[in-house]
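Colleague: Please find one structure pasted underneath; my questions will follow.
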Amino acid sequence: MNAKKQWAVLILLPMLYAVTITVYSFPPDFDISRFVSFYSEFSRPDLTWDETVALLKISPDIISGLMELSLAKMGIPVQFFFFSVTWLTIFLFLLVFRLLHVHCRKKKLRCGGLFLF
């Protein structure tokens, strides 16, 4: 497989997965529903600074809380958060395995048969 096709797979496969996660209707007790509830709280117009800080303290992590807060205040839908986080996670996961594969081929090592490309 040539380099252009490898990069196309590396970019498009995470995009396909991220679109699937974004449009999938998840059950109300699913883990993603926490992010939706935090987003709806952050998007309230009457949210005070003290309430915002309290929500950030109980959010799953500070980075996702700040991302959701900024998206809610800018009026960007929460699906953008799901898409970007999912795409970045899968892209980095595949990139690490691709780099591991290249490293193992250069060193002529057996790396447990993990060859993606």
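The values are calculated or read from the model by the stated rules, or taken from the named source; none is laboratory data. If you're wondering where the values come from, they're calculated on a predicted model, not measured in any experiment. We place every Cβ from the backbone using ideal geometry, glycine too, and count neighbours over all the protein chains shown. Accessible surface is based on the protein model in full, side chains and every heavy atom, while ligands, DNA and RNA are left aside. Shrake-Rupley method; radii C 1.70, N 1.55, O 1.52, S 1.80 Å.
Colleague: Can you tell me which residue within the stretch 1-34, out of those that are among the aromatic types (Phe, Trp, Tyr) and open to solvent by 90 Å² or more (accessible area, probe 1.4 Å), is modelled with the lowest pLDDT?
Modeller: By that ranking, first place goes to Phe30.
Colleague: Which pairs have Cβ atoms under 8 Å, sit 6 or more apart or on different chains, and link a residue in the stretch 58-70 that is in contact (Cβ under 8 Å) with a residue 12 or more places away in the chain to one that is outside any helix (DSSP H, G or I)?
Modeller: If the second residue must be outside any helix (DSSP H, G or I), the pairs left are Gly65/Ser59; Glu68/Ser59.
Colleague: Oh, and also: For the stretch 61-111, which positions are part of a loop (DSSP other than H, G, I, E, B), open to solvent by 50 Å² or more (accessible area, probe 1.4 Å) and either touching a helix residue (DSSP H, G or I) at 6+ places or on another chain (Cβ under 9 Å) or within 15 Å of Val36 (Cα to Cα) (or both)?
Modeller: Once the filter is applied, which keeps residues that are part of a loop (DSSP other than H, G, I, E, B), open to solvent by 50 Å² or more (accessible area, probe 1.4 Å) and either touching a helix residue (DSSP H, G or I) at 6+ places or on another chain (Cβ under 9 Å) or within 15 Å of Val36 (Cα to Cα) (or both), the stretch 61-111 yields Asp61, Gly75, Ile76, Pro77, Leu109, Arg110.
Colleague: Starting from the stretch 12-41, take each residue that is more than 18 Å from Glu68 (Cα to Cα) and list its partners that are modelled with pLDDT under 85 and not β-branched (Val, Ile, Thr), counting only C-beta distances under 8 angstrom and pairs at least six apart or across chains.
Modeller: Qualifying pairs under 8 Å: Phe26/Ser33; Pro27/Ser33.
Colleague: For the stretch 35-45, check the following and say yes or no: at least one residue is closer than 30 Å to Phe97 by Cα and surrounded by 14 or more Cβ atoms within 10 Å (Cβ to Cβ).
Modeller: Looking through the stretch 35-45, at least one residue is closer than 30 Å to Phe97 by Cα and surrounded by 14 or more Cβ atoms within 10 Å (Cβ to Cβ).
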